[in-house]
1. Would you kindly identify the helices (runs of 4 or more DSSP H) lying entirely within the stretch A:114-198 that contain at least 1 residues that are more than 9 Å from chain B (Cβ to nearest Cβ) and closer than 30 Å to A:Tyr221 by Cβ?
2. Which ones in the stretch A:14-66 are among the aliphatic types (A, V, I, L, M) and part of a strand (DSSP E or B)?
3. If a residue counts only when it is at pLDDT 85 or above and within 23 Å of the chain's Cα centre (by Cα), which helices (runs of 4 or more DSSP H) contained entirely in the stretch A:388-462 have at least 1 such residues?
4. Suppose we keep only residues that are among the small types (Gly, Ala, Ser) and farther than 13 Å from A:Arg135 by Cα within the stretch A:218-236. Which one would you say is farthest from the chain's Cα centre (by Cα)?
5. If A:Ala153 satisfies all but one of (1) free of Cβ contacts under 8 Å to residues at least 12 places away in the same chain; (2) surrounded by fewer than 24 Cβ atoms within 10 Å (Cβ to Cβ); (3) not aromatic (Phe, Trp, Tyr), what's the number of the condition it fails?
6. Can you work out which of the residues in the stretch A:10-20 that are aliphatic (A, V, I, L, M) and exposed (fewer than 15 other Cβ atoms within 10 Å of the Cβ) is farthest from the chain's Cα centre (by Cα)?
7. Out of all the residues in the stretch A:204-217, is one or more over 30 Å from A:Trp76 (Cβ atoms) and at the interface with another protein chain (Cβ under 10 Å from one of its Cβ atoms)?
8. Given the condition more than 18 Å from the chain's Cα centre (by Cα) and in a helix (DSSP H, G or I), answer yes or no: does some residue in the stretch B:69-77 qualify?
Amino acid sequence: MKTLILTALLGIVSMLSEIFGFRKYLWTILVLGLTGVFCVNLSELTSAYQYFPNMVVFDHYAGVFSGLIILMALVWFFISKDQYDSNEFNQADHYSLIMFALTGTIVLVSFTHLAMLFLGIEILSIPMFILAGSRKHELSSNEASLKYFIMGAFASGILLFGIALLYGATGTFNIHEIALIASNNSGSVSILFYTGIFMVMIGLAFKVSAVPFHFWTPDVYEGSPLVITAFMATIVKTAAFAAFYRLFNTTFAPLIHQWGSTLSVIIIFTILTGNILAVYQTSVKRMLAYSGIAQAGYMLMTILLTTYESQNALILYTSSYALSTLCAFAVLHYVVKIKGSDTFESFSGLGKSHPLLAVIMVISMLSLAGIPPAVGFFAKFYLFSAVLQQGYLALVIVAVLGSLISVYYYFRVIISMYSGESETESIQLTVINKAVLVLIGCLIILLGVTPGLFIDAIKSLT
Amino acid sequence: MQVLSNTVNNYLVLASILFAIGVMGVLVRRNIIIIFMSIELMLNAINLLLVAFSVFHNDASGQVFVFFIMAVAAAEVTVGLAILVMIYRNTGSVDINSLNKLKW
């Protein structure tokens, strides 16, 4: 709860900084504040409190996910600093919108009432609509913003209709009470309940960009400013998955036989479509968008699992995906600064001119593709073995095939970095930027080499 | 369906029809303002449904939810209209076909 309040307060502080003129120190204040929030969050981890009569609960699930999100937000602040230092953007407004979006993510990971699910999604989405269109004079940014807005509002509408039907069938919005009603009459639930589940599933599938509801994702990711795309692809996606998992694994788990097969079909199409379309991209930014769609398919697999392990698998996979993608976007950010374009060709010669950036990119690509020394391999391994134990053989075969395809486009980046001539233009990274990049790179390798540490740490909290 | 009384059934049918009109409007119409109106129609269909169920269950929380939806819908459409103004300044049109920069 303190995490939620403090994050919202930091957003208000960012708005006040414009009035009271301490804009220059805002970045430092926010980074220190987020570090403080992270520590507060750690101290709250072991408890499970209900707040506002059963509206939100801060259990270890919420604690772990909000910790992860705050950590990623801290990394994001370091990556995006130089972007906002140049006068192109209105710094304080952007930072306050980012902080309010973070507030939304924390509501999303901790809701126990369907109203909080809806409010969390909207608190997260509305700032993102604005941020996606923050390059006011660029038509592609405008278009991204409008597409995101229409799709977001449309998906919220479908989600809300589902919630209304669930309310009609059960007479309550509390997810634990709905779960109780579902498990008491799992054989004879009314048709309203089923329709409600499927509409909620469609609404959330829009938010996590699962096929066939993915078509907005590449356009929005490409049109938005790069740092905002990085935020959307990592933090927003993590929160959306946390909400999806909490809703379906706590509330609708007794009825898994009814919705499980639909979700399996969605997963298969998501993995195949995402991976195959990523092969044809010429822009790395767009390739990362399609890779995000494909990875969403893997993360959706955890929702099918009813075992206790699925929670660890989800936490491990989202943190591995988010860290690696954030890393990739950081390097892409610098490459765009050097070359002014985000095609695969603009990466050529990076291995010679900027060895550090190239090594970090290699680590993150290996992790996304699931190659052993990086954490991505272990996350995939843990997830696939858990799915296999539940008997979803076909799903695992498709997932492994998808990973094989993904190696092609991830390695295309690596190959173009270490071939071709290096150019004379270069960029000076500050010591802090270098340190942050090296730190995440080390973290990705370290978690991959000693995954037991991470799993034990999560388990010890429960 | 058998659990619901006839009156609630009528509301359910009406709300579903309104919602379907809204969905069709978003999918078919090309004018951005009409699309916004269709989204509002979807949300109002949901509000109607929630109120009907709230009376049926004799439970106030459905009506409280409606207030949340109204407030959020107002905030959302404010942002949407701001985006629309931004687009109109750049393209001089509110037709969704004028936006075709991003394609796969």
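The values are calculated or read from the model by the stated rules, or taken from the named source; none is laboratory data. Just so it is clear, the model here is predicted, and its values are computed rather than measured. Cβ: placed from backbone, ideal geometry, glycine included. Neighbour counts: every protein chain shown.
1. Counting at least 1 such residues, we get A:114-132, A:139-170.
2. A:Val56, A:Val57
3. Passing ranges, in order: A:393-417, A:431-449.
4. So the residue we want is A:Ala230.
5. (2)
6. This residue is A:Ile19.
7. Within the stretch A:204-217 (the criterion being over 30 Å from A:Trp76 (Cβ atoms) and at the interface with another protein chain (Cβ under 10 Å from one of its Cβ atoms)), the answer is no, since none of the residues qualifies.
8. No: zero hits.
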